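Peer 1: A single structure is presented below for examination.
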Amino acid sequence: MSLDPENWEDIRSLGKTMVGDMLTWLETVRERPAWTPVPPAVTVRLDEPVPHAGSALAEVYESFKRDILPYPTGNIHPRFWGWVQGTGTTTGLLADMLASTMNPHLAGYDQSAYLIERTVIGWLAELMGFPAESSGILVSGGTEANINGISAARVAKAGFDVRTEGLRGGPPLTLYGGAETHSWIYKGCELMGLGRKAFRAIPVDADYRIDVAACRARILKDLESGCRPIAIVGTAGTVNTGATDDLRALRALADEFDLWLHVDGAFGALVAWTSRRDIVAGLASADSLAFDLHKWGYMPYEAGVALTRDPDAQTAAYKPAGAGVGAYLASPNGGIAANTTYFADRGLQLSRGFRALKVWMSMKEQGVDRIAGCIEANIQQAGRLAGIVEAHEDLELLAPAPLNVVCLRYAPKGVAEARLNALNEAILVAIQTRGVAVPSQTVLQGRFAIRVCITNHRTRDEDIDIFVDAVRTIGAELAAAGDA
Ligand SMILES: *Cc1c(COP(=O)(O)O)cnc(C)c1O
């Protein structure tokens with residue numbers, strides 16, 4: 001009994017068909033609606049019983065093509081700008097296939113895949129301005145990468161052996177960041193047992209950047225009351241508006257109190273690869289940096305990166321110690337397991353896949369300059385959109401747009417302020433359900449915003465124009481109908 005095919009020729013031919021179909025699917029993405037909801041009949045069909053008996057792969061593939069492939073949220077589409085999502089690439093598609101073929105286990109070991117992860121971590125550290133000896137690991141995404149950073153901070157700055165004693169071993173630990181910090185911080189604080197309250201959400205200024213003076217005041221107050229501040233979390237590219245904290249000022253503040261500086265650069269950090277790197281100045285001075293390649297690096301899910309400046313900081317937080325070391329994981333003096341840096345000792349996962357291959361192939365094939373060019377184009381498109389919004393009387397820009405995020409609303413004269421939130425929500429829903437484009441939403445100072453976040457290498461200026469036309473046309477339609 002084996003799971004290999006009985007007839008390799010059949011699978012070889014089906015595999016070729018699949019690759020061809022998928023490349024065509026990507027080639028023609030622009031011709032399809034930005035979003036196609038799952039029809040009720042498909043939803044019913046997909047709710048299947050356990051398939052105890054198998055069926056031919058060709059049949060399973062037909063089900064995939066009929067019921068799965070046509071109904072994504074649309075994030076590979078040129079007019080998808082919702083939340084912060086990535087598009088993927090043809091190279092990523094092929095690389096994932098190659099990685100699955102090798103199917104290596106990336107805890108570490110003496111193997112080529114390990115060397116590739118080591119190489120890409122080195123490239124990424126260099127591109128971010130981190131020292132060559134920095135420690136790094138590819139992880140599932142920004143959430144895990146950020147938690148990796150603050151868990152290293154906790155071990156480095158707690159002042160007691162927090163890994164052995166837990167949080168009972170010392171005073172309450174506290175962390176600081178702007179109120180616009182992404183919600184991963186709460187997940188992280190909760191999971192590490194610090195509790196949500198350990199994160200001090202500091203007010204932001206009119207540009208949605210952390211108020212550094214208020215942060216300093218809060219640190220002083222916490223020190224007075226016996227807490228132990230351990231880290232400041234800066235953000236390069238907030239989700240709401242694309243704001244970047246004054247990272248140099250945060251570095252200085254962290255130094256003043258001997259704190260760890262962690263930077264969440266989930267998408268914004270990649271601006272460091274471009275000629276616009278001044279936007280994220282100070283990024284390279286962080287003690288730890290988290291970013292995603294599956295957002296603004298355009299690579300397929302999942303690919304996050306966690307870097308620490310101190311080469312030992314990640315292993316200090318994660319390498320099994322004391323009674324936690326299993327004899328089954330010890331390294332002998334030779335053989336496959338000898339003399340490698342265990343990536344498993346730098347993060348949460350033990351069994352780990354070959355994420356590094358798509359990173360390596362994408363960077364080599366596209367070249368960092370071309371990826372950076374797409375990022376710069378997205379910044380330019382967002383700037384252009386903000387300009388168009390400001391030029392139209394019936395549109396309103398709801399926040400500064402310093403990066404790739406534009407928050408706007410339809411607000412023509414004659415529609416009362418009290419109606420605008422419901423009206424814009426209706427516009428957003430119509431734009432999505434009609435398949436025109438997929439922006440998402442947020443609320444800024446009580447005002448409902450249609451939020452466009454461009455991390456999309458397929459977007460062109462004409463896509464922005466189609467979107468603006470839709471907002472104004474649908475807006476006028478709905479405002480006149482009075483059903484919002
Ligand atoms: C997306 C995002 C995260 C979370 O990253 P995931 O890859 O979704 O886990 C954290 N911070 C910011 C600023 C983000 O945009």
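Peer 1: Among the residues of the stretch 256-272, which ones are under 17 Å from residue 177 (Cβ atoms) and either open to solvent by 40 Å² or more (accessible area, probe 1.4 Å) or touching a Pro at 6+ places or on another chain (Cβ under 6 Å) (or both)?
Peer 2: Of everything in the stretch 256-272, those that are under 17 Å from residue 177 (Cβ atoms) and either open to solvent by 40 Å² or more (accessible area, probe 1.4 Å) or touching a Pro at 6+ places or on another chain (Cβ under 6 Å) (or both) turn out to be 256, 257, 259.
Peer 1: Can you tell me which residue among 399, 411, 437 is touching a residue at least 24 places away in the same chain (Cβ under 8 Å), of a type in the set (A, V, I, L, M, F, W, C) and closer than 23 Å to residue 208 by Cβ?
Peer 2: Going through 399, 411, 437 in turn, the sole match is 399.
Peer 1: Name, by its number, the condition in (1) over 16 Å from the mean Cα position of the chain (by Cα); (2) of a type in the set (Ser, Thr, Tyr); (3) under 20 Å from residue 372 (Cβ atoms); (4) surrounded by 24 or more Cβ atoms within 10 Å (Cβ to Cβ) that does not hold for residue 298.
Peer 2: Looking at each condition in turn, residue 298 falls short on (1).
Peer 1: Turning to a different aspect of this structure: In the stretch 393-426, how many are part of a strand (DSSP E or B) and under 16 Å from residue 473 (Cα atoms)?
Peer 2: Result for the stretch 393-426: 5.
Peer 1: Given the criteria more than 16 Å from the ligand (Cβ to nearest atom) and closer than 30 Å to residue 447 by Cα, does residue 246 qualify?
Peer 2: When the stated conditions are applied, residue 246 passes them.
Peer 1: For residue 349, state whether it is in contact (Cβ under 8 Å) with a residue 60 or more places away in the chain and assigned by TED's automatic domain parsing to the domain that holds residue 408. Let's see the steps before the verdict.
Peer 2: Numbers: in contact (Cβ under 8 Å) with a residue 60 or more places away in the chain: yes; assigned by TED's automatic domain parsing to the domain that holds residue 408: no.
No, not satisfied.
Peer 1: If you don't mind, there's one more thing I want to ask. Regarding residue 204, is this residue within 16 Å of the ligand (Cβ to nearest atom) and crowded, with 24+ Cβ neighbours inside 10 Å? Steps first, please.
Peer 2: On the way: within 16 Å of the ligand (Cβ to nearest atom): yes; crowded, with 24+ Cβ neighbours inside 10 Å: no.
For residue 204, the condition - within 16 Å of the ligand (Cβ to nearest atom) and crowded, with 24+ Cβ neighbours inside 10 Å - is not met.
Peer 1: I want to confirm something. Restricting to the stretch 167-191 and keeping residues that are in contact with a Gly (Cβ under 8 Å, 6 or more places away or on another chain) and among the hydrophobic types (A, V, I, L, M, F, W, C), which single residue is farthest from the ligand (Cβ to nearest atom)?
Peer 2: 167
Peer 1: Could we say that residue 283 is hydrophobic (A, V, I, L, M, F, W, C) and either closer than 21 Å to residue 371 by Cα or within 16 Å of the ligand (Cβ to nearest atom) (or both) here? Let's see the steps before the verdict.
Peer 2: Numbers: hydrophobic (A, V, I, L, M, F, W, C): yes; either closer than 21 Å to residue 371 by Cα or within 16 Å of the ligand (Cβ to nearest atom) (or both): yes.
Judged against the criteria, residue 283 is a match.
Peer 1: Tell me which residues, restricted to the stretch 216-239, are within 16 Å of the ligand (Cβ to nearest atom) and either open to solvent by 40 Å² or more (accessible area, probe 1.4 Å) or more than 19 Å from residue 204 (Cα to Cα) (or both).
Peer 2: The answer is 239, and nothing else.
Peer 1: Being open to solvent by 10 Å² or more (accessible area, probe 1.4 Å) and either within 16 Å of the ligand (Cβ to nearest atom) or outside the structural domain of residue 349 (by TED's automatic domain parsing) (or both): is that true of residue 96 here?
Peer 2: Judged against the criteria, residue 96 is a match.
Peer 1: Looking at the stretch 1-16, is at least one residue outside any helix (DSSP H, G or I) and under 24 Å from the mean Cα position of the chain (by Cα)?
Peer 2: Within the stretch 1-16, not a single residue is outside any helix (DSSP H, G or I) and under 24 Å from the mean Cα position of the chain (by Cα).
Peer 1: When residue 93 is evaluated against the numbered criteria (1) out of contact with any Gly (no Cβ under 9 Å at 6 or more places or on another chain); (2) more than 18 Å from residue 302 (Cα to Cα), which criterion, by number, is the only one it fails?
Peer 2: Failed condition: (2).
Peer 1: Answer yes or no: is there a residue in the stretch 122-133 that is in a helix (DSSP H, G or I), open to solvent by 10 Å² or more (accessible area, probe 1.4 Å) and in contact with a Lys or Arg (Cβ under 7 Å, 6 or more places away or on another chain).
Peer 2: The first filter runs over the stretch 122-133 and keeps only residues in a helix (DSSP H, G or I), leaving 122-127.
Pick out the ones that are also open to solvent by 10 Å² or more (accessible area, probe 1.4 Å) and you get 122-123, 126-127.
Of the ones still in play, those that are also in contact with a Lys or Arg (Cβ under 7 Å, 6 or more places away or on another chain) are none.
So far as the stretch 122-133 goes, no, none of its residues is in a helix (DSSP H, G or I), open to solvent by 10 Å² or more (accessible area, probe 1.4 Å) and in contact with a Lys or Arg (Cβ under 7 Å, 6 or more places away or on another chain).
Peer 1: Is there any pair with a first residue in the stretch 258-269 that is in the same structural domain as residue 154 (by TED's automatic domain parsing) and without any contact (Cβ under 8 Å) to a residue 40 or more places away in the chain and a second that is among the hydrophobic types (A, V, I, L, M, F, W, C) and more than 16 Å from the ligand (Cβ to nearest atom) whose Cβ atoms are under 8 Å apart and which are 6 or more apart or on different chains, and what are they?
Peer 2: That search, which allows pairs on different chains as well, returns 261/254.
Peer 1: Answer yes or no: is there a residue in the stretch 164-173 that is within 30 Å of residue 355 (Cβ to Cβ) and assigned by TED's automatic domain parsing to the domain that holds residue 244.
Peer 2: Checking the stretch 164-173: not a single residue is within 30 Å of residue 355 (Cβ to Cβ) and assigned by TED's automatic domain parsing to the domain that holds residue 244.
Peer 1: Out of (1) out of contact with any strand residue (DSSP E or B) (no Cβ under 7 Å at 6 or more places or on another chain); (2) open to solvent by 30 Å² or more (accessible area, probe 1.4 Å); (3) within 16 Å of the ligand (Cβ to nearest atom), what's the single condition that is false for residue 140?
Peer 2: Single failed check for residue 140: (1).
Peer 1: Against the conditions (1) open to solvent by 10 Å² or more (accessible area, probe 1.4 Å); (2) at pLDDT 95 or above, where does residue 482 fall short? Just the number, please.
Peer 2: Among (1) open to solvent by 10 Å² or more (accessible area, probe 1.4 Å); (2) at pLDDT 95 or above, the lone unmet condition for residue 482 is (2).
Peer 1: Inside the stretch 273-290, can you point out the residues that are surrounded by fewer than 24 Cβ atoms within 10 Å (Cβ to Cβ) and part of a helix (DSSP H, G or I)?
Peer 2: 273, 277, 278, 279, 284, 285, listed by residue number.
Peer 1: Out of the residues in the stretch 147-195 that are polar (S, T, N, Q) and in a loop (DSSP other than H, G, I, E, B), state the one that is surrounded by the most Cβ atoms within 10 Å (Cβ to Cβ).
Peer 2: 181
Peer 1: Which of the residues that make up the stretch 440-464 are assigned to a helix (DSSP H, G or I) and touching a residue at least 12 places away in the same chain (Cβ under 8 Å)?
Peer 2: 461, 463, 464
Peer 1: Could you list, in sequence order, all residues of the stretch 303-346 that are assigned to a helix (DSSP H, G or I), more than 14 Å from residue 151 (Cα to Cα) and not hydroxyl-bearing (Ser, Thr, Tyr)?
Peer 2: Of everything in the stretch 303-346, those that are assigned to a helix (DSSP H, G or I), more than 14 Å from residue 151 (Cα to Cα) and not hydroxyl-bearing (Ser, Thr, Tyr) turn out to be 322, 323, 324, 327, 329, 343, 344.
Peer 1: Taking the stretch 347-371, which residues are touching a Phe, Trp or Tyr at 6+ places or on another chain (Cβ under 9 Å), in a helix (DSSP H, G or I) and surrounded by fewer than 21 Cβ atoms within 10 Å (Cβ to Cβ)?
Peer 2: 360, 366, 368, 369, listed by residue number.
Peer 1: Then there's this: Sort out which residues of the stretch 60-78 are surrounded by 15 or more Cβ atoms within 10 Å (Cβ to Cβ) and either part of a helix (DSSP H, G or I) or hydroxyl-bearing (Ser, Thr, Tyr) (or both), and write them in order of number.
Peer 2: Selection gives 61, 67, 71, 73.
The values are calculated or read from the model by the stated rules, or taken from the named source; none is laboratory data. What you see is a predicted model, and the numbers here were worked out from it, not measured in a lab. Cβ atoms come from the backbone with ideal geometry, glycine included; neighbour counts cover every protein chain shown. Remember, those area values only see protein heavy atoms, side chains included, never the ligands or the DNA or RNA. Shrake-Rupley method; radii C 1.70, N 1.55, O 1.52, S 1.80 Å.
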